[in-house]
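Here the structure is laid out as structure tokens; the discussion comes afterwards.
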Amino acid sequence: MKMGRLFKGVVAVGLMATLMVSALSAYAAGPRVRVVHASPDAPAVDVWVDGAKAFTNAPFKGITSYAGLTAGDHKVQVVPTGATEPAVISATLTLDNDKDYTVVAVGKLASIEPLVLVDNNSAPAAGKAHVRFVHASPDAPAVDVAVKGGPVIFSNVAFKGVGDYTPVDAGTYDLEVRLAGTDTVALSVPGVKLDDGTVYTVFAMGLASGEPSLVAVPSVDSTHKSATAPVTLPTTGGSQNMLLLVAAAGVALMMAGGVLRLAKQTNR
């Protein structure tokens, strides 16, 4: 009888822990957002989310870390660094759970706008990397991205266009950005190292005719090479991680305490 009570108590505590972990997992699966500054003539910017400053002093070509948010609508504003106005971008984003988003500020300052991308940071197959291409140069024509002397990876991508995630063998590549459908090289990108288990986005930024000049800006979006190498979260996402650690520790202590109490009762 006493052993039966002990077993039932252990099951009850375990069920409680499972329910709590499930709830925490649902919370942890909230959306994450990052911002990319790809407007060639815009100054460094601050990014505000729901009236609070989330990222500060992001320069041209700057790519922030991901910040954790809740699902639903969020107001994102981009303003010159240190100012509260004018908001050169003001947009309401509807975010879903368990998704990552990239908001790219594209176009020249006079016509700047947000390009909202849904990211896929899932793990590549063994020995592979995933690569995506985003055309963020406002005066560059449609382009192809190819391996030098090899195949075209992304074809006919126009301004604000996206070449979707493509699996490639891990290794180092010399890439070329060509005018679409031709062999004319607009930009050479030598020595691009793509690591096993890593997800990348390559952004074409700058101006084809003018300054700052056209450049390829790579981003490591996610790495799955080891369990200890996640995407780095900024301070805005840290409270969520701390909450999960504290809650997990609490669950463990509850389970241990419950089992000890039941064991003492059984031995009486």
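The values are calculated or read from the model by the stated rules, or taken from the named source; none is laboratory data. Computed from a prediction, not measured in an experiment: that's the story for all the values here. Note that each Cβ is placed from the backbone with ideal geometry, even for glycine, and that neighbours are counted across all protein chains shown.
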- line: Exactly one of VAL143, VAL152, VAL106 is surrounded by 14 or more Cβ atoms within 10 Å (Cβ to Cβ) and within 24 Å of the chain's Cα centre (by Cα), and that residue is VAL106
query: Within segment 98-120, can one find any residue that is closer than 23 Å to GLY30 by Cβ, modelled with pLDDT under 95 and not basic (Lys, Arg)?
result: yes
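A quick yes/no check of all residues on (1) in contact (Cβ under 8 Å) with a residue 24 or more places away in the chain; (2) out of contact with any helix residue (DSSP H, G or I) (no Cβ under 8 Å at 6 or more places or on another chain); (3) under 13 Å from PHE203 (Cβ atoms); (4) assigned to a strand (DSSP E or B):
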position: ALA110; (1), (2), (3), (4): no, yes, no, no
position: ARG132; (1), (2), (3), (4): yes, yes, yes, yes
position: GLY150; (1), (2), (3), (4): no, yes, no, no
position: GLU176; (1), (2), (3), (4): yes, yes, no, yes
position: ASP183; (1), (2), (3), (4): no, yes, no, no
position: LEU187; (1), (2), (3), (4): yes, yes, yes, yes
task: Please verify whether segment 165-180 includes one or more residues that are hydrophobic (A, V, I, L, M, F, W, C) and touching a Phe, Trp or Tyr at 6+ places or on another chain (Cβ under 7 Å).
output: no
message: Quick check on THR102: is it without any contact (Cβ under 8 Å) to a residue 24 or more places away in the chain, assigned to a strand (DSSP E or B) and touching a Lys or Arg at 6+ places or on another chain (Cβ under 7 Å)?
response: no
query: GLY82 fails exactly one of the following numbered conditions: (1) of a type outside the set (D, E, K, R); (2) part of a strand (DSSP E or B); (3) touching a Ser or Thr at 6+ places or on another chain (Cβ under 9 Å); (4) more than 30 Å from LYS225 (Cβ to Cβ). What is the number of that condition?
result: (2)
message: Just the residues that are of a type in the set (A, V, I, L, M), over 19 Å from the mean Cα position of the chain (by Cα) and in a strand (DSSP E or B), please, taken from segment 189-209.
response: VAL189, VAL192, LEU207
query: What is the residue count in segment 112-130 for residues that are surrounded by 13 or more Cβ atoms within 10 Å (Cβ to Cβ) and not in a strand (DSSP E or B)?
result: 5
- prompt: For ASP41, are the conditions met, namely being farther than 21 Å from PHE203 by Cβ and either at pLDDT below 95 or surrounded by fewer than 19 Cβ atoms within 10 Å (Cβ to Cβ) (or both)?
  reply: no
